[in-house]
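Engineer: Please find one structure pasted underneath; my questions will follow.
The values are calculated or read from the model by the stated rules, or taken from the named source; none is laboratory data. The structure displayed is predicted, hence computed values, not measured ones. In this analysis, Cβ positions are derived from the backbone assuming ideal geometry, glycine residues included, and neighbour counts consider all displayed protein chains.
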Amino acid sequence: MGYKAVVMDLDGTLCTDRKLHMEDKKAIERTLEKGIPVIPATTRMRFSTSMILKDLEIDNHPLICNNGARVISPRWKKEGKYKDWHEINLDHDIAEELISYSDEKDYEITTIFKDKKFWKRSRLQSDNKSELDSVTELVDVNIEALEEGAPISIMMHSEGNGKKGLKDFESYAEDFSKKVRLDRHHRFQEWIALTVYHSDVSKKKALDLVCKKINISVDDVLALGDDEVDTEMLEFAGKGIAMGNSPEYVKQVADEIAPSCKNQGVKWALKKYILGQN
């Protein structure tokens with residue numbers, strides 16, 4: 001079947017530690033040259049997606065970011081040149097409850113907005129690996145971030161909080177299960193982070209919106225992913241391919257398993273289904 005678009009996750013699918021393999025990059029460039037959209041579908045913000053994909057002319061097509069809480073028109077790399085096709089934030093009162101709990105427990109969280117995120121100042125003091133970028137602002141306590149309004153999401157990493165902290169925060173957030181979505185993130189099958197979104201957020205719903213906007217059937221989409229947040233998208237697309245580094249339950253919902261991210265699974269999938277090369 002000739003697929004008319006490719007939608008792919010970034011971390012664990014296309015890149016490792018924010019780095020793209022050159023062979024994957026070349027395969028994406030050849031796919032774009034054929035006039036086939038390559039649409040990122042990532043938990044990342046627009047800003048960090050732009051930085052990771054800065055060397056690819058990929059923004060002639062839409063972007064699914066914040067796990068589908070935000071869908072952005074083409075030209076999304078350029079400030080002032082794109083339009084938000086879709087955005088959904090957490091309920092402000094629920095965000096306040098969750099963030100207040102994180103302060104009570106002294107957890108390190110990231111409170112994420114459209115083009116801004118907030119960290120506790122103590123995070124930089126305790127973690128030598130953390131570095132500020134142009135969209136990160138520091139607060140003394142997490143709750144100060146809500147002066148910005150209702151966030152898109154709240155994210156907690158195991159680093160700085162431990163697995164015990166992740167489990168505790170997840171358990172607390174489950175009390176709001178009818179109004180929030182909880183996504184676990186893994187790195188090579190190890191649980192490393194949790195993100196809380198509005199319950200209506202998903203990559204599947206975002207992909208459906210994009211297909212309608214660019215006037216193609218979802219059956220004509222090749223989807224690539226590696227984690228829990230990708231499962232609905234992999235099942236929904238015409239063909240869903242899981243990376244070899246995916247947890248077993250992700251592989252079970254996929255139509256096919258590609259080599260791992262580190263072994264250029266993206267290149268393998270594009271050559272097989274788009275580029276027509278052995």
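Engineer: If I filter segment 207-228 for residues that are at pLDDT below 95 and in a helix (DSSP H, G or I), do I get at least one hit?
Structural biologist: Checked segment 207-228: at least one residue is at pLDDT below 95 and in a helix (DSSP H, G or I).
Engineer: Moving on to the next point. Which pairs have Cβ atoms under 8 Å, sit 6 or more apart or on different chains, and link a residue in segment 100-111 that is under 16 Å from LEU166 (Cβ atoms) to one that is β-branched (Val, Ile, Thr) and outside any helix (DSSP H, G or I)?
Structural biologist: Every condition considered, the pairs that remain are SER102/ILE109; SER102/ILE154; ILE109/ILE154; THR110/ILE154.
Engineer: Same structure again: Considering only segment 77-96, I want to know if a residue exists there that is over 19 Å from SER199 (Cα atoms), buried (at least 20 other Cβ atoms within 10 Å of the Cβ) and either in contact with a Phe, Trp or Tyr (Cβ under 8 Å, 6 or more places away or on another chain) or not polar (S, T, N, Q) (or both).
Structural biologist: Initial filter on segment 77-96 (over 19 Å from SER199 (Cα atoms)): 77-84.
Next, from what is left, pick out any that are buried (at least 20 other Cβ atoms within 10 Å of the Cβ): 77.
Then drop every residue that is not either in contact with a Phe, Trp or Tyr (Cβ under 8 Å, 6 or more places away or on another chain) or not polar (S, T, N, Q) (or both), which leaves 77.
Scanning segment 77-96 turns up at least one residue that is over 19 Å from SER199 (Cα atoms), buried (at least 20 other Cβ atoms within 10 Å of the Cβ) and either in contact with a Phe, Trp or Tyr (Cβ under 8 Å, 6 or more places away or on another chain) or not polar (S, T, N, Q) (or both).
Engineer: Do you know which of the residues in segment 249-273 that are farther than 20 Å from GLU29 by Cβ and free of Cβ contacts under 8 Å to residues at least 12 places away in the same chain is nearest to the chain's Cα centre (by Cα)?
Structural biologist: Among those that are farther than 20 Å from GLU29 by Cβ and free of Cβ contacts under 8 Å to residues at least 12 places away in the same chain, it is LYS251.
Engineer: Return the residues of segment 193-210 that are surrounded by fewer than 17 Cβ atoms within 10 Å (Cβ to Cβ) and either among the hydrophobic types (A, V, I, L, M, F, W, C) or on the phi > 0 side of the Ramachandran plot (or both); say none if nothing qualifies.
Structural biologist: Residue satisfying the conditions is LEU209 alone.
Engineer: Only one of (1) in contact with an Asp or Glu (Cβ under 9 Å, 6 or more places away or on another chain); (2) closer than 17 Å to ARG187 by Cβ; (3) surrounded by fewer than 24 Cβ atoms within 10 Å (Cβ to Cβ); (4) of a type outside the set (S, T, N, Q) fails for ALA242. Which number is that?
Structural biologist: Exception for ALA242: condition (3).
Engineer: Take segment 12-32 and flag every residue that is surrounded by fewer than 20 Cβ atoms within 10 Å (Cβ to Cβ), acidic (Asp, Glu) and more than 26 Å from GLY80 (Cα to Cα).
Structural biologist: Of everything in segment 12-32, those that are surrounded by fewer than 20 Cβ atoms within 10 Å (Cβ to Cβ), acidic (Asp, Glu) and more than 26 Å from GLY80 (Cα to Cα) turn out to be ASP17, GLU23.
Engineer: Just one of LYS178, LYS239 is of a type in the set (Lys, Arg) and touching a Phe, Trp or Tyr at 6+ places or on another chain (Cβ under 9 Å); which is it?
Structural biologist: So the residue among LYS178, LYS239 that is of a type in the set (Lys, Arg) and touching a Phe, Trp or Tyr at 6+ places or on another chain (Cβ under 9 Å) is LYS239.
Engineer: Just name the residue that is nearest to ASN245 (Cα to Cα) out of those in segment 211-232 that are crowded, with 22+ Cβ neighbours inside 10 Å and touching a strand residue (DSSP E or B) at 6+ places or on another chain (Cβ under 6 Å).
Structural biologist: Top of the filtered list is ASP227.
Engineer: Being in the same structural domain as CYS15 (by TED's automatic domain parsing), within 20 Å of PRO37 (Cβ to Cβ) and either modelled with pLDDT of 95 or more or surrounded by fewer than 19 Cβ atoms within 10 Å (Cβ to Cβ) (or both): is that true of LYS262 here?
Structural biologist: No: the conditions fail for LYS262.
Engineer: Do we find a residue being outside the structural domain of VAL210 (by TED's automatic domain parsing), assigned to a loop (DSSP other than H, G, I, E, B) and touching a residue at least 12 places away in the same chain (Cβ under 8 Å) anywhere in segment 71-85?
Structural biologist: No: segment 71-85 contains no residue that is outside the structural domain of VAL210 (by TED's automatic domain parsing), assigned to a loop (DSSP other than H, G, I, E, B) and touching a residue at least 12 places away in the same chain (Cβ under 8 Å).
Engineer: Also, I was wondering about something else. For residues that are more than 19 Å from the chain's Cα centre (by Cα) and either surrounded by 23 or more Cβ atoms within 10 Å (Cβ to Cβ) or not aliphatic (A, V, I, L, M) (or both), scanning just segment 33-54, find the one that is farthest from LYS81 (Cα to Cα).
Structural biologist: Out of the qualifying residues, it is LYS34.
Engineer: Can I ask one more? Residues being surrounded by fewer than 16 Cβ atoms within 10 Å (Cβ to Cβ), of a type outside the set (Asp, Glu) and either in the same structural domain as GLY68 (by TED's automatic domain parsing) or farther than 18 Å from GLU232 by Cβ (or both): count how many of those fall in segment 179-191.
Structural biologist: Residues of segment 179-191 that are surrounded by fewer than 16 Cβ atoms within 10 Å (Cβ to Cβ), as a first pass: 179, 184, 188-190.
The next check asks that each one be of a type outside the set (Asp, Glu); those that pass are 179, 184, 188-189.
The next check asks that each one be either in the same structural domain as GLY68 (by TED's automatic domain parsing) or farther than 18 Å from GLU232 by Cβ (or both); those that pass are 179, 188-189.
So the answer is 3.
Engineer: Have a look at SER199, SER177 and point out the one that is within 19 Å of CYS65 (Cβ to Cβ) and not basic (Lys, Arg).
Structural biologist: SER199
Engineer: I would also like to ask the following. Looking only at segment 198-247, count every residue that is touching a Pro at 6+ places or on another chain (Cβ under 8 Å) and in contact (Cβ under 8 Å) with a residue 40 or more places away in the chain and tell me the total.
Structural biologist: 6
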